[in-house]
Amino acid sequence: MPERAAAGLHGAIGAMNTLRVQIQDAAKRIKRLGESSQQMGEIAALAADLAEQAQVLALNAAIQAAPANASGQGLATVAGEAQRLAARSADAARLVAGLVQALQSDTHDAAAAMERATQGVVAGARLLDGMAVPSPVPSPTEPT
């Protein structure tokens, strides 16, 4: 019976160590996901800047077209379209920024959960390591 207990204990320790390695691998992947979402956030900020610059250019074109006669009408139309495009771009950039922020928050939470799981597995493995399976010791009345 002690042999079965020892084998079971060693099997549990091995399973805990395998689980620890798998959790650490998942944590590394989550970290890379967080780094990618950081880069996505930077790209979203750049898109917002570009949309703002496009809005300024469209406004300037509209101002230039306002005092012009019929020939300026085409420029005014283009300026209006550019303003609408800039507004849509800004809306899209805000939407992407919100999604990236949510992704970063979820990634942070997942990384923290993985860290807690790793600590739990390590604590469990230490507990199992500390369990001593007694080896059969002959009693004093038994012949040796």
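The values are calculated or read from the model by the stated rules, or taken from the named source; none is laboratory data. Note that the structure is a prediction, hence the values are computed from the model and not measured. Heads up, the Cβs are rebuilt from the backbone with ideal geometry, glycines too, and the neighbour counts pull from every protein chain shown.
Hey, could you check the stretch 28-63 for residues that are among the polar types (S, T, N, Q) and closer than 30 Å to LEU103 by Cβ and say which is surrounded by the most Cβ atoms within 10 Å (Cβ to Cβ)?
Step one: of the stretch 28-63, the residues among the polar types (S, T, N, Q) are 36-39, 53, 55, 60.
Applying the additional criterion that residues be closer than 30 Å to LEU103 by Cβ yields 36-39, 53, 55.
Values: SER36: 13, SER37: 20, GLN38: 13, GLN39: 10, GLN53: 12, GLN55: 17.
Filtering first and then ranking leaves SER37.
Of the residues SER37, SER89, which is free of Cβ contacts under 8 Å to residues at least 60 places away in the same chain and among the hydroxyl-bearing types (Ser, Thr, Tyr)?
Numbers: SER37 fails: free of Cβ contacts under 8 Å to residues at least 60 places away in the same chain.
None of the others qualify; the one that does is SER89.
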Out of everything in the stretch 64-81 that is among the hydrophobic types (A, V, I, L, M, F, W, C) and within 24 Å of ALA93 (Cβ to Cβ), what residue ends up being surrounded by the most Cβ atoms within 10 Å (Cβ to Cβ)?
ALA79
Could you please let me know if ASP129 is among the charged types (D, E, K, R), part of a helix (DSSP H, G or I) and modelled with pLDDT of 85 or more?
no
Flag for ALA79 being of a type in the set (A, V, I, L, M), modelled with pLDDT under 85 and in a helix (DSSP H, G or I):
yes
